[in-house]
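First the structure, in the form of structure tokens, and then the observations on it.
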Amino acid sequence: MTSAVQIAKEVRSGGRSAVDVVTEALDRAAASQARTNAFVTISSERALVAARRIDDVVRSGREPGPLAGVPVAIKDNICTRGLRTTAGSAILRDFVPPYDATVVARLEAAGAIVLGKTNLDEFGMGSSSERSASGPVRHPLDPGRVTGGSSGGSAAAVADGVVPLALGSDTGGSVRQPAAFCGVVGCKPTYGLLSRYGLIAYASSLDQIGVLSRDVEDARLALAVMSGRDPLDATSVDAAVAPERALATSDAPLAGVRIGVVRELMGEGVAPGVRSALTALRARLEGLGAAVVEVSVPSVRLAVATYYVIATAEASSNLARYDAMLYGARVAVAGDDQERSMRRSRAAGLGREVQRRILMGTFVLSAGSFDAYYRRALQVRRLVADDVAAALAGVDALLTPTAPTVSWPLGARLDDPLAMYLGDVTTCIANLAGAPAVSVPAGIAEDDLPCGAQFVGAPFDEGRLLSIAAVAARS
Amino acid sequence: MPLTDADLDHLADLARLELPAEDRAGLRRDLDRLLGYVALLQEVDVDGVVPMQRPMHLADVLRDDEAVRPVGSGDLEALAPATSEGRVVVPRTVDGSG
């Protein structure tokens, strides 16, 4: 698979046409779809029209943009004008957005071409990409296993070589965990780096759009193109992603870099194969000049509980909008009763996991529970964020396994929501703190399946974080 | 304390969800288990800790006062489950007998 940087270089120079690039990618998408179900929609026509336009721009000598001709896949909870966007939910099965998400508009303005919309856990709620109205996504290396989630379709599309670059969203690990399971790179930038205008909201104080790719430098280029304040998202800020830092090119590129291994995330609960892969990576990083020390995030044991109270509370509020009155699949009821139509439409259109989270969020926000659950979780969130900041104070990045295990067989955790939630412990600390985090492939662990290493950095320090991750990925 | 049937009814009512009878036992069991797990937050000393609503400080920033073209009413109408003469049709919200 050619990298996005390389494809853009070839298309920009006229050495390869965008139509050729896209035609080949569409062929790969069709073949992959039959095995992985990575896509909800493949947008062949839109992609070919866009490719012809890029080729015209190149022929006329105008500037086609830094991602000229690069096919990208977009998670189906990110709005695309005129292209169906379902969020994996039956209630949005016919929803065609009248606007583009800012990240999509910026990618297209940079010359990227939307190849299709990728499958996901409904509204981003899941860690396996099995809970979609379009059916489960299957792992490209073993169709009997999950890709992880919720951005599993994007991870499968990149891992299967369909596209070099895909967008996901990450509320508690939904970009990084499937990236780790599928053996690709996944980056969740700092809260605020990318506009979320057009992202279908799940938990607004945690949601962030992220990038999946084969190559760390492709992720950097995509983030650079998409970042910057957006007047349509008050939580976006004016920050840029630094270009690749010229780390010493000698045999010690990490000289002077300090990395903190989070003690609490290397012990009990982490599969032996994942732990060995991380230990081996640690030795390689030391060999490349890094100083690796142990650090502590004592409140990590509280992170999953904190995360699920806050995420479900925000979900119950955000998903109140799906009442099937102005848009969405409406169930008609006898007597033409609006309230009953809403209740039936929500029950029929929202999946079981989504309903479970709405009910849990409703509970923690309801009178009598608010202070004991929701307010308390916001207080513990500050303790977790303070612990992460303290751990980062003496190092350039934290290092943890991206997930405690490798991919599991389809269906294995569907009846045990708590077991599914507990796997988020390694990733959700970055969402609670708002910090950037990137997962890179860390080798092969249990069952000959890939695992990932996660680097967590200080807010808006993506430039340095990606440089460290790039060295680790090549090591 | 486990959720009662009445608790589940109350939550479903607040969330505007009509729960199918066959899902109720499973949902109650799942919610009990999840609430039992998150109860570990009750052991934490949070005295004096300021709640963290979001991971960044936000100040109000107004958009520039520029004219933009909004999404057209026709585009919005196209999304609606039912329309008539440029209006969205919804089920009855008030009693017609008054």
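Listing for the model above:
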{"quantity": "Neighbour net charge for A:Ile42 - beta-carbon separation under 12 angstrom, K R +1, D E -1", "calculated": "+1"}
{"quantity": "Magnitude of the charge dipole, region A:4-226, Cβ model with Lys/Arg +1 and Asp/Glu -1, debye to 20", "calculated": "140"}
{"quantity": "Equivalent-ellipsoid semi-axes of region A:4-226, from the Cα gyration tensor, Å, largest first", "calculated": "25, 18, 16"}
{"quantity": "Peptides A:420-427, A:33-40, B:11-18 ordered by average Cβ neighbours within 10 Å, highest first", "calculated": "A:420-427, A:33-40, B:11-18"}
{"quantity": "Cα lying deepest toward the dipole's positive end in the protein assembly as shown, options A:Val438, A:Pro253, A:Ile310, charges on Cβ", "calculated": "A:Pro253"}
{"quantity": "Point-charge dipole on Cβ atoms (K/R +1, D/E -1) for chain A, about Cα centre, debye to 20", "calculated": "460"}
{"quantity": "5 angstrom amide H check on A:Tyr197, placed H, neighbours 5+ away", "calculated": "A:Thr102"}
{"quantity": "Per-residue [θ]222 nm for chain B (sum of -39500 (n - 2.57) over DSSP H runs n ≥ 4, rounded to 500)", "calculated": "-11000 deg cm²/dmol"}
{"quantity": "Order of B:Glu22, A:Glu122 under a 10 Å beta carbon neighbour criterion, fewest first", "calculated": "B:Glu22, A:Glu122"}
{"quantity": "Size of region A:229-365 as Cα extents on the principal axes (Å, biggest first)", "calculated": "76, 41, 24"}
{"quantity": "Given charges at Cβ of Lys, Arg, Asp, Glu: chain A dipole, positive-most of A:Ser299, A:Val211, A:Pro243", "calculated": "A:Val211"}
{"quantity": "Amide hydrogen neighbours beyond the local backbone of A:Val114, cut-off 5 Å, H modeled", "calculated": "A:Val72"}
{"quantity": "Local electrostatic count at A:Arg474 - Lys and Arg +1, Asp and Glu -1, tallied over other residues with Cβ under 11 Å", "calculated": "-1"}
{"quantity": "A:His139, B:His10 arranged by Cβ crowding within 10 Å, fewest neighbours leading", "calculated": "B:His10, A:His139"}
{"quantity": "Rg to Rh, two decimals, where the protein assembly as shown supplies the alpha carbon set and Rh follows Kirkwood", "calculated": "0.97"}
{"quantity": "Chain A: relative contact order as a whole-number percent, Cα under 8 Å and 6+ apart", "calculated": "17"}
{"quantity": "Alpha carbon centroid spacing (whole Å) that separates region A:267-313 from region A:368-382", "calculated": "25"}
{"quantity": "Simple spin-label estimate for B:Ala39 and A:Ala109 in nanometres, 7 Å along Cα-Cβ", "calculated": "5.3"}
{"quantity": "Value of D in µm² per second that Stokes-Einstein yields for region A:96-152, Kirkwood Rh from Cα pairs, at 4 °C (1.567 mPa s)", "calculated": "102"}
{"quantity": "Equivalent ellipsoid, region A:305-372 (semi-axes from 5 times Cα gyration tensor eigenvalues, Å)", "calculated": "26, 12, 9"}
{"quantity": "Given charges at beta-carbon only (K, R positive; D, E negative), |dipole| of region A:128-185 in Debye", "calculated": "60"}
{"quantity": "Dipole of the protein assembly as shown, positive end: most advanced residue of B:Val49, B:Leu35, A:Val5 [Cβ charges, Cα centre]", "calculated": "A:Val5"}
{"quantity": "Cα centroid separation, region A:1-70 to region B:23-37 (Å)", "calculated": "47"}
{"quantity": "Net +/- balance of residues flanking A:Gly149 in space, Cβ distance below 9 Å, scoring K and R +1, D and E -1", "calculated": "-1"}
{"quantity": "Euclidean distance between Cα centres, region A:213-235 to region A:396-452, Å", "calculated": "23"}
{"quantity": "R0 of 60 Å, Cβ-Cβ distance A:Ala334-A:Asp56: FRET efficiency to nearest 0.05", "calculated": "0.60"}
{"quantity": "Average partner coverage of B:35-42, which counts Cβ from other chains inside 10 Å", "calculated": "6"}
{"quantity": "Mean shadow area of region A:376-415 over all directions, Cα convex hull, nm²", "calculated": "4.8"}
{"quantity": "Kirkwood estimate for chain B, i.e. one over the average of 1/r between Cα atoms, Å", "calculated": "20.1"}
{"quantity": "Region B:38-89: radius of gyration over Cα atoms, expressed as a fraction of 2.2 N^0.38 Å", "calculated": "2.32"}
{"quantity": "Anchor A:Lys188: lysines whose Cα lies under 16 Å away (excluding residues fewer than 8 positions away in-chain)", "calculated": "A:Lys75"}
{"quantity": "Mean residue ellipticity (222 nm) of chain A, computed from DSSP H runs ≥ 4 via -39,500 (n - 2.57), nearest 500", "calculated": "-12000 deg cm²/dmol"}
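Any read-out appearing in this document is the output of simple, stated calculations on the displayed coordinates, not a laboratory observation. Note that the structure is a prediction, hence the values are computed from the model and not measured. Every residue, glycine among them, receives a Cβ derived from its backbone with ideal geometry; neighbour counts consider all protein chains shown.
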